Every structure is written in structure tokens, then in C-alpha cells.
Amino acid sequence: MWPDSASCAAVISFDFDAEEVWIGEDPANADRPGTLSQGTYGAKVAVPAILDMLKRLEITASFFIPGRVAERHPQRVEQIIAAGHEVGHHGYTHTSPTKLGPEGEEAELVKGLEILTSLGATVRGYRSPSWDFSPYTLDLLVKHGFTYSSNLMDDMKPYRHPNHDVVELPVHWTLDDAPHFWFDGASWNKTIRTSAEVRTLWAEEFAGFRNMGGLFMLTMHPQVIGRPGRLLMLEEFLGWVKSHSDVWIATAGEVAAVTP
Ligand SMILES: [Zn+2]
């Protein structure tokens with residue numbers, strides 16, 4: 001399935017949510033600087049550090065970005081593009097398409113595309129802010145020229161959606177940083193896992209993908225993975241992933257392009 005008969009493919013992806021993930025959860029958060037500062041860290045500290053790391057590793061990644069993040073942090077998006085990384089759509093506001101209605105969903109899709117394109121991105125992929133679809137999502141993706149979605153958990157290999165010319169690049173919570181690291185300041189009912197635990201989980205999955213084939217899709221959030229200690233783990237882990245000559249590291253768009 002993969003170029004050079006690789007055992008599996010690996011995509012290193014980041015959902016660059018910045019402040020929007022908190023505003024999408026509760027619009028009143030727009031007036032809470034302390035809450036928003038958790039997202040500002042992603043734009044201010046984490047994205048530059050991640051770009052430096054990817055350059056050292058010589059890895060090209062995929063960044064999914066809400067339109068309003070691009071409006072608030074245009075220079076960061078331009079830096080991501082200038083470094084050669086892929087930019088994908090991640091909503092305009094960070095609102096699940098299931099909550100928008102067909103017209104609202106299309107308006108978000110169009111506005112997000114406009115701002116990302118205006119900054120120089122060529123956008124082919126869509127990652128929903130909730131990893132979820134409405135009944136209209138696939139039709140809208142086809143209508144607006146998207147070639148792939150990266151949202152569903154029903155497979156570990158990319159596939160084409162039936163009746164829609166859209167490739168699905170499957171994701172999973174195991175390979176997301178947020179379930180392991182996200183601290184819920186509202187409830188305090190979840191502990192923060194150590195980087196060593198998460199590295200172990202990701203390495204186990206990586207071994208499984210090399211065994212079964214498929215797409216190792218790492219989904220991370222700059223505001224989450226971008227803590228100083230976690231970045232040390234990530235750089236070591238990605239270097240280790242890269243040391244396997246049978247793994248094809250590519251952008252999400254490149255994987256979609258070779259999916260039959
Ligand atoms: Zn997000």
C-alpha cells in the first residue's frame with residue numbers, strides 16, 4: 001500500500017487550537033484571560049518550539065488550524081507554511097459540526113478556507129473540531145474540494161468513503177496527547193500522565209502498526225504536547241520512529257494522495 005514497500009505510514013499532526021478550543025467550549029471564556037492563556041501558550045511558546053524540533057528532525061508535519069486561530073495568529077500560520085508543513089482545516093470557530101446546522105457548517109467551512117488560503121496555504125484536508133461529522137459534512141467536503149478527512153476511528157488503514165470521493169485517515173484517542181495530558185481545571189477529576197507513560201503507549205501502538213500495516217496518525221495539540229518536558233519526550237520519540245527504515249513518514253495530504 002505504501003511507497004518503497006514500507007510496513008506502515010506515520011503522520012505527525014498537530015491541531016493548533018490556541019484560544020479557540022476554550023471559546024468553542026463556552027463563548028463566555030472569551031472574557032477569561034486566565035483560561036485563554038492556556039491556549040495562548042500554544043501560539044506563543046509551543047508552535048515555535050515544535051517548528052524548531054521538526055526542523056532538527058527533518059520531519060514534515062500536518063497542522064490543522066481553525067480560521068479564527070489564523071486570524072489571531074497569522075504570523076504563526078505563515079511560519080508553519082514557510083517551513084514547508086501542510087495546513088489543514090479545523091473549523092472556523094472550534095465548534096463541532098454537529099452543533100452548527102447545514103448553513104452554519106458550510107459558512108464555517110468557507111470562512112476557514114478563505115483565511116487559510118489568504119495566508120498562502122493549500123488546504124486539502126479537514127479535521128473536525130470534535131472528530132465528528134454532521135449528516136452534511138461529507139457532502140460539504142466534496143463540494144468545497146477537500147480530498148481527505150481525518151476524523152473517524154473505524155479503521156487503522158486509510159480508505160475512501162463510500163459514495164463520496166473523500167479519503168478517510170483514521171485517528172484514535174490512544175495516539176492523541178489530550179486524553180493523557182489534558183488537565184480539567186473545572187472538575188480536577190483527572191490526573192496528568194507522565195511523558196514516560198505516554199511514550200510507552202505510543203511505542204506499543206507503533207509496534208502494532210509495523211506489524212499490521214496501516215497509518216500511525218499521531219494527533220497532538222501545541223498547548224498540550226508543548227510543555228518543556230513533553231517536548232523532550234516527543235523529540236526523542238520521533239527520532240526513534242524515524243530510525244525505522246520500514247516506516248514511511250509523510251504528511252496527511254501525501255498519505256491521502258496514495259490511498260487507492
Ligand atoms: Zn481542536
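Quick one: work out Rg over Rh on the C-alpha atoms of the chain, Rh as Kirkwood radius. List each step's numbers first, then the result.
Numbers: Rg = 17.3 Å, Rh = 18.4 Å.
Using only Cα positions, Rg/Rh for the chain is 0.94.
Please give the charge dipole size of the stretch 91-208, origin at the Cα centre, charges +1 on K and R Cβ atoms and -1 on D and E Cβ atoms. Round to the nearest 20 debye. Walk me through the intermediate numbers first.
Values: 10 positive and 17 negative charges, 43 e Å.
With Lys and Arg at +1 and Asp and Glu at -1, about 200 debye.
Compute, for the stretch 1-150, the length of the dipole vector about the Cα centre, with Cβ point charges of +1 (Lys, Arg) and -1 (Asp, Glu) only. Units Debye, rounded to 20.
Computed charge dipole of the stretch 1-150: roughly 320 debye.
Report, for the stretch 3-258, the % of DSSP beta bridges that are antiparallel, rounded to 5. Could you put the intermediate results ahead of the total?
Working: 2 of 24 bridges.
Expressed as a percentage, antiparallel bridges in the stretch 3-258 total about 10.
Given the C-alpha centroids of the stretch 55-93 and the stretch 118-186, what is the distance between them in whole angstrom?
16
Counting other beta carbons within 10 Å of each Cβ, put Trp173, Trp22, Trp188 in order, fewest first. Spell out each step's value before the answer.
Numbers: Trp173 11, Trp22 21, Trp188 8.
Lowest count first: Trp188, Trp173, Trp22.
Under 17 Å Cα to Cα from Lys99, which aspartates and glutamates show up? Leave out anything in the same chain fewer than 8 places away.
In chain and number order, the partners are Glu20, Glu25, Asp26, Glu108, Asp132, Asp139.
No value in this document is a laboratory result; all are computed from the given coordinates. Values in this document were obtained by computation on a predicted structure and should not be read as measured data. With ideal geometry, Cβ positions are generated from the backbone for all residues, glycine too; neighbour counts draw on all protein chains shown.
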